[in-house]
Amino acid sequence: VQSYGSIVYVAIDHQFAGSVVVADQLKDETKQTIKDLQSLGMKVVMLTGDVRETALAIAQECGIDEVRYELLPDQKVSCVEDLGEHVAFVGDGINDAPVLARSSVGISMGGLGSDAAIEASDIVLMDDNPAKIPLAIEIAKKTLRIVKQNIVFALSVKMLVLITGALG
């Protein structure tokens, strides 16, 4: 049983009746996805509006490198700017839209994500499966390698044509 989340206090006829802890469930593949990203040499930072205790518990459970908590949307944008030039941000809520738009690559969840987050992102995961992020990174790296090879080949052919044309 998880011991973190937002506490909602319940009163009946102005008398305290108890409390309920409301928390998001971690997706089954979250921990493995974070390990996969770290194995690709990436630093994983969690930016959340959750309270300190909840954020730290989730970060520890998932093996996240760094956590920043109790952030408002504009503070998340500042954090992304502080993290450097190449930052990918994954989010799904309306509060994530500004930081999705500001990050180098914004990735949103299409199934359960808000329309604002989907509009602001560069990549939309339609099945809400974060395990596809490392796969997308690998495909992007392979594609970039092929593009560079094609550029080198095309320039080489043009140089060869120019040289043979100049020589007659």
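The values are calculated or read from the model by the stated rules, or taken from the named source; none is laboratory data. This one's a predicted model, so the numbers in the text were calculated from it and none came from an experiment. Heads up, the Cβs are rebuilt from the backbone with ideal geometry, glycines too, and the neighbour counts pull from every protein chain shown. Please note that ligands, DNA and RNA were not included when accessible areas were found on the heavy atoms of the full protein model with its side chains. Shrake-Rupley method; radii C 1.70, N 1.55, O 1.52, S 1.80 Å.
Data table
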read-out	value
Sites Arg52 and Arg145 - FRET efficiency at Förster radius 41 Å, r taken between beta-carbons, to 0.05	0.45
Alpha-carbon Rg/Rh ratio, for region 107-168, with Rh computed the Kirkwood way	1.39
Cα centroid separation, region 32-59 to region 64-116 (Å)	13
Low-density loop positions, GluC sites (Glu not before Pro), region 72-168 - DSSP coil, at most 10 other Cβ in 10 Å	Glu85
Carbon/sulfur fraction of accessible area - the chain, other protein chains in place, 1.4 Å, %	58
Potential lengthening between Tyr9 and Val152 on full extension [0.36 nm per residue; Cα-Cα distance subtracted]	45.0 nm
Full-stretch length increase - Gln38, Ala23 - with 0.36 nm per residue and alpha-carbon distance subtracted	2.8 nm
Size-normalised alpha-carbon gyration radius of region 1-148, reference 2.2 N^0.38 Å	1.17
The chain: angle of helix 73-83 to the longest principal axis, Cα-based, in degrees nearest 10	40
Computed [θ] at 222 nm, deg cm²/dmol, the chain (DSSP H ≥ 4; -39,500 (n - 2.57); rounded to nearest 500)	-15000 deg cm²/dmol
Stretchable slack from Leu135 to Val45, in nm (0.36 nm times residue separation minus alpha-carbon distance)	30.5 nm
Neighbour net charge for Leu37 - beta-carbon separation under 10 angstrom, K R +1, D E -1	0
The chain - accessible surface per residue (Å², probe 1.4 Å)	68
Rounded to whole Hz, the Karplus (6.51, -1.76, 1.60) HN-Hα couplings of region 122-138, x for glycine and proline	8, 10, 10, 8, 5, 9, 6, 9, x, 5, 7, 5, x, 5, 4, 5, 4
Unsatisfied cross-links (Cα-Cα over 30 Å) in the set Lys31/Lys148; Lys27/Lys141; Lys43/Lys158; Lys27/Lys142	Lys31/Lys148; Lys43/Lys158
